[in-house]
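Readers should treat all values here as calculations from the given coordinates under stated rules, not as data from a laboratory. Just so it is clear, the structure is predicted and the values come from calculations on it, not from any experiment. FYI the Cβ positions are ideal-geometry reconstructions off the backbone, even for glycines, and counts take in every protein chain you see.
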Amino acid sequence: MVLKVMSSNQAIAEAVKLVKPKVIPVYPITPQTTISEYLAKYVADGDIDAEYIRVESEHSAISACLGASGTGVRVFTATSSQGLALMHEILFAAAGLRAPIVMADANRALSAPLSIWNDQQDSISERDSGWMQIYAENGQEALDSVLMSYKISENKEVLLPTMVCVDGFILTHTVDPVDVPEEEEVDKFLPDYNPEHAYLDPKRPMSIGTFTDPDYYMEARHDMEVAMEKAKTVISNVSQEFADTFGRKYDFIEKYRSEDADTIIIAMGSICSTIKDVIDELREEGEKVGLVRVRVFRPFPVEEIYDAIKGASNVGVIDKNFSFSIGGVLHNNIKSMMDVNAAGFIIGLGGRDIKPSHIKEVVEKTKNPSNKPLWIGLKEEQ
Amino acid sequence: MELPEKEFLAPGHRACAGCGATIGVRLALKMLGENTVAVSATGCLEVITTPYPETAWEIPWMHVAFENAAAVASGVESALKAQGKTDTNVVVFGGDGGTADIGLQALSGAMERGHNLIYICYDNEAYMNTGIQRSGATPYGASTTTSPHGKESFGEDKPKKNMPMIMAAHGIPYVATASISYPEDFMKKVKKAAEVDGPAYIHLQQPCTTGWGYSPAKTIELGRLAVETGSWILYEIEDGEFKVTYRPVQRKMVSEYLNAQKRFKHLSDLEKEKIQSHVDAICVELKI
């Protein structure tokens with residue numbers, strides 16, 4: 001294994017090179033842009049044999065992805081924040097048309113006020129679109145998640161698109177060591193995509209994207225929910241196969257020193273690295289603190305999370321997003337699906353720096369929970 | 001000109017009696033043949049041809065949304081190209097709203113990028129699917145449900161957006177106007193559009209019985225009146241070269257066209273004269 005030092009954006013682009021998409025429609029937006037740039041260069045250098053479409057908007061990027069996917073080829077795009085919001089309408093269409101598109105989202109705050117910096121409001125706001133969502137903690141996981149996502153999305157029991165989410169700047173523009181797998185290994189793990197049904201072929205004409213009346217719509221949506229449930233088994237199997245091939249195992253959640261913990265913090269994405277450091281520090285001081293990192297957010301791993309936290313006395317959930325009046329979305333998902341008294345924390349919106357002291361504050365406040373979500377790191381009132 | 005027998009849009013779809021859009025699609029597909037993929041924007045055509053679990057399309061067909069048909073087609077065309085299937089035609093059918101208004105950005109992008117596709121705007125001059133609302137392609141003086149005539153209004157007060165010229169400004173190899181009432185002219189243009197290497201745009205006028213307000217038996221007649229009065233001009237722009245493709249032997253008075261439709265019934269003689277002089281100015285310039 002040769003480790004290369006690269007950003008998550010480059011790691012994602014390396015993954016895309018390995019999965020060999022046929023069509024790549026992209027539109028630049030900070031902090032996703034370098035993914036588009038790497039891919040443009042790979043295509044220009046002949047390292048990827050794909051049609052690279054320089055679309056005029058993210059709306060057209062995802063639309064072109066859907067058209068291309070409709071012909072039965074593998075596609076990729078990437079976006080961020082405003083771009084993802086512009087795609088909103090077509091995200092639902094892509095999932096509803098059961099297109100196995102994989103897209104990277106460089107998590108960035110939504111305007112207004114305009115911000116180019118990180119939080120997870122953009123992708124969290126698309127949680128009901130029918131896309132699977134994976135939140136990576138580092139560049140290696142971003143690369144590996146892209147590889148696994150195609151295998152999961154293209155599984156005929158699933159046929160739903162996947163969004164691989166990486167924290168803007170924190171991951172997209174910082175470098176860490178990444179093992180880029182060998183092409184032959186990836187080819188074995190992820191063979192060419194051969195759709196079995198419903199694609200545009202003049203020899204077998206089909207109509208895709210038809211109009212439904214109330215007799216049919218609900219079943220079509222229910223089928224998606226069934227597929228999302230089935231995806232749980234597929235994700236487990238793909239993770240195992242990935243581990244067998246590449247030696248890295250990813251579960252729905254990652255448990256960090258949580259087995260015997262009295263206090264468990266739940267979070268998603270790059271913040272978990274900071275939390276792990278703080279946990280190590282607190283453990284040295286004798287505090288029984290642990291982390292449950294939620295990696296797969298859709299399908300939502302209810303059993304896995306519940307099993308991991310049910311023994312703890314105190315649970316605190318950190319969100320880099322919020323839903324007005326009810327707090328963080330991960331927090332609310334956990335409260336609504338599990339019999340657990342969890343405290344909620346909103347943190348790091350619009351790139352507000354998250355320091356170890358903030359995590360310590362979260363741990364303290366989890367032990368003495370408030371009944372309403374707390375915003376951590378807000379400036380003192382002037 | 002011999003008309004191919006084979007139909008690629010099956011009968012039994014849900015269009016109104018006398019629908020002009022489906023005539024246009026039938027004629028176009030006769031020229032394009034079975035090795036064709038069609039993409040539709042949301043609108044009348046999509047709704048009437050694909051009520052699940054039925055479909056009227058005998059060729060592969062895809063619909064995603066209202067404003068993105070050209071972008072979807074970009075993806076289809078690129079994917080076919082990537083698979084070496086360059087002999088497959090990619091045709092888009094978008095209404096005037098999906099083309100001139102909400103879909104203009106996606107269309108402009110697709111044309112400027114040079115995808116090898118044929119975009120046919122079936123123009124019935126308003127949002128007919130939602131109940132006759134004004135679009136950018138609604139002509140001056142027309143009464144619609146969002147530009148109604150009344151005490152303070154004579155209906156739509158802006159001229160029709162000149163979509164074919166906007167497309168021509170993209171420098172694409174082929175732009176044409178057409179009418180469903182001149183099938184031979186239209187079908188020749190579809191053939192040229194298919195043969196051209198790069199984007200082609202055809203702006204097809206098609207009378208709409210409900211939106212324009214006339215008897216369903218008169219659709220073809222209305223299309224002819226539009227052209228014979230000079231209200232709709234048939235031309236093509238091939239590699240930048242503009243050519244009128246049909247000239248009425250004797251141009252009829254515009255009022256004959258206007259008076260045949262409910263949407264113009266309210267116009268005063270003064271307004272009709274204004275429309276006539278506008279048509280005259282263009283026709284004189286084009287020697288029609």
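If we count every other residue with Cβ under 14 angstrom of A:R98's Cβ, Lys/Arg +1 and Asp/Glu -1, where does the sum land?
-3
May I ask you to derive the FRET efficiency for B:Q133 and A:S313 from their Cβ-Cβ distance with R0 = 56 Å, giving the value to the nearest 0.05?
0.40
Calculate the radius of gyration of the Cα atoms of region A:3-246 to one decimal place, then report Dmax, the largest Cα-Cα distance, as a whole number, both in Å.
Taking only Cα atoms of region A:3-246, I get Rg and Dmax of 17.0, 55 Å.
Based solely on its DSSP helices, what 222 nm [θ] is calculated for chain A when runs of n ≥ 4 H residues each add -39,500 (n - 2.57) and the sum is averaged over all residues, nearest 500 deg cm²/dmol?
On the way: 12 runs with 152 residues, N = 382.
My calculation for chain A gives -12500 deg cm²/dmol from helical runs alone.
Taking the Cα centre of each part, how many Å lie between region B:1-72 and region B:256-288?
Centre-to-centre distance over Cα atoms comes out at 32 Å.
Under a GNM of chain A (C-alpha, springs under 10 Å), which listed residue has the highest mean-square fluctuation: A:D167, A:D280, A:D144?
Maximum among the listed residues: A:D280.
In 20 Å bins starting at zero, report the fraction of Cα pairs in the protein assembly as shown per bin as a rounded %.
18, 43, 27, 11, 1
Restrict the search to region B:1-79; then list the trypsin sites (Lys or Arg not before Pro) that DSSP places in a loop and that have at most 15 other Cβ atoms within 10 Å of their Cβ.
Hits after loop and neighbour filter: B:K6, B:R14.
Quick check: pseudo-label points 7 Å beyond the Cα along Cα→Cβ at A:E364 and B:E221, how many nm apart are they?
8.7 nm
Which three lengths, in whole Å and largest first, does region A:253-375 cover when its Cα atoms are put on their principal axes?
37, 32, 26
Is there a simple number for the mean count of other chain Cβ atoms within 10 Å of the Cβ of residues in A:68-78, and what is it?
Mean inter-chain Cβ contacts per residue within 10 Å come to 5.
Which angle between 0 and 90 degrees, to the nearest 10, do you get for helix B:219-228 versus the longest principal axis of chain B when only C-alpha atoms count?
With both axes taken from Cα atoms, the answer is about 70 degrees.
Report the Stokes-Einstein translational diffusion coefficient (µm² s⁻¹, integer) for region B:73-194, Rh taken as the Kirkwood radius over Cα pairs, at 10 °C with viscosity 1.306 mPa s.
In µm²/s, the coefficient is 100.
Counting pairs of alpha carbon atoms under 8 Å apart in space and at least six apart in sequence, what relative contact order in percent does chain B give?
16 percent.
Would you calculate, for chain B, the mean residue ellipticity at 222 nm contributed by helices, counting each DSSP H stretch of 4 or more residues as -39,500 (n - 2.57) and dividing by all residues, to the nearest 500? Please report the intermediate quantities before stating the final value.
On the way: 9 runs with 96 residues, N = 288.
Value at 222 nm, helices only: -10000 deg cm²/dmol.
Nearest-5 percent of antiparallel DSSP beta bridges in region A:253-375?
Roughly 25 percent of the beta bridges in region A:253-375 run antiparallel, per DSSP.
Using the Cα centre of the protein assembly as shown as the reference point, and only Cβ charges (+1 on K/R, -1 on D/E), how large is the resulting charge dipole? Debye, rounded to the nearest 20.
Charge dipole of the protein assembly as shown: 1800 debye, to the nearest 20.
Around B:S108, under 15 Å between beta carbons, what's the net of Lys plus Arg minus Asp minus Glu among the other residues?
-1
Report for region A:3-246 the percent antiparallel among DSSP-assigned beta bridges with both residues inside it, nearest 5.
Taking every DSSP beta bridge with both residues in region A:3-246, the antiparallel ones total about 20 percent.
Residues of region A:248-272 with the amide nitrogen closer than 20 Å to a label point 7 Å from the Cα of A:E229, along Cα-to-Cβ, please.
A:252
Measure nothing fancy, just the Cα-based angle from helix A:356-367's long axis to the longest principal axis of chain A, in degrees from 0 to 90, nearest 10.
For helix A:356-367, the angle is close to 70 degrees.
How far, in degrees from 0 to 90, does helix B:269-286 lean away from the longest principal axis of the Cα atoms of chain B, to the nearest 10?
Roughly 50 degrees between the two axes.
I'd like the GluC sites (Glu not before Pro) in region B:1-41 restricted to DSSP loop residues with at most 10 other Cβ atoms within 10 Å, sorted by number.
Taking region B:1-41 and a limit of 10 other Cβ atoms within 10 Å, the loop GluC sites (Glu not before Pro) found are B:E2, B:E5.
What fraction of the DSSP beta bridges in the protein assembly as shown is antiparallel, stated in percent and rounded to the nearest 5?
Bridges in the protein assembly as shown are about 25 percent antiparallel.
Report the residue, chosen from A:F211, A:F300, A:F169, that carries the largest GNM mean-square fluctuation when chain A is represented by alpha-carbon nodes joined by springs under 10 Å.
A:F211
Do me a favour and compute the ellipsoid semi-axes for region B:37-138 from its Cα gyration tensor, root of five times each eigenvalue, largest one first, whole Å.
Equivalent ellipsoid semi-axes, largest first: 23, 17, 9 Å.
Convex hull volume of the Cα atoms in region A:158-284, per residue, in Å³?
Details: hull volume 27.3 nm³, N = 127.
Taking the convex hull of the Cα positions in region A:158-284, it is 215 Å³ per residue.
Please list, or write none, the lysines whose alpha carbon is within less than 22 Å of the alpha carbon of A:K249, excluding same-chain residues fewer than 8 places away.
A:K4, A:K17, A:K151, A:K188, A:K230, A:K232, A:K276
Have a look at region B:184-288 and give its Rg and Dmax from the Cα atoms, expressed in angstrom.
Expressed in Å, the Cα Rg and Dmax of region B:184-288 come to 15.3, 47.
Using only atoms on other chains, find how many Cβ atoms lie within 10 Å of each Cβ of peptide A:189-200 and report the average.
The per-residue average across the peptide is 1.
Quick one: if the Förster radius is 60 Å, what FRET efficiency do B:K243 and A:L114 give, using the C-beta to C-beta distance and rounding to 0.05?
E(calc), rounded to 0.05, equals 0.75.
Quickly work out the A:A198-to-A:F324 label distance, labels modelled 7 Å from Cα along the C-beta direction, and quote it in nm with one decimal.
It is 3.5 nm.
Normalise the Debye intensity by I(0) for region A:250-305, one equal point scatterer per Cα, no solvent, then take log10 at q = 0.18 Å⁻¹ and round to two decimals.
Log10 of I(q)/I(0), two decimals: -0.56.
Where does the charge balance sit around B:Y214 when Lys and Arg score +1, Asp and Glu -1, over other residues with C-beta under 12 Å from its C-beta?
Summing Lys and Arg as +1 and Asp and Glu as -1 gives +3.
Got a sec? Which residues in region B:57-75 would a label at A:Y217 touch, if it sits 7 Å along Cα→Cβ and we count backbone N under 17 Å?
B:64-66
What is region A:3-246's relative contact order, in percent, from Cα pairs under 8 angstrom and six or more apart in sequence?
On the way: 470 pairs, mean separation 60.1, N = 244.
Here the relative contact order equals 25 percent.
Residues in region B:75-106 near a label at B:N35, defined as backbone nitrogen under 19 Å from the 7 Å Cα→Cβ point?
Output list for this probe position: B:76-92.
Output needed: percent of Cα pairs per 5 Å distance bin for region A:273-342, bins running from 0 to the one holding the longest distance.
3, 14, 24, 25, 19, 11, 4, 1
For a footprinting-style exposure proxy, rank A:F246, A:F345 by other Cβ within 10 Å, fewest first.
Ordered by Cβ neighbours within 10 Å, fewest first: A:F246, A:F345.
On alpha carbon coordinates alone, what is the Rg over Rh value for chain B, Rh being the Kirkwood radius?
0.95
Would you calculate the separation in nanometres between label points at B:R14 and A:M1, each defined as 7 Å from the Cα along the Cα-to-beta-carbon direction?
Rounded to a tenth, the inter-label distance reads 5.6 nm.
Return the single residue from B:D96, B:D123, B:D239 with maximal mean-square fluctuation; model: Gaussian network over chain B, springs between Cα atoms under 10 Å.
B:D239
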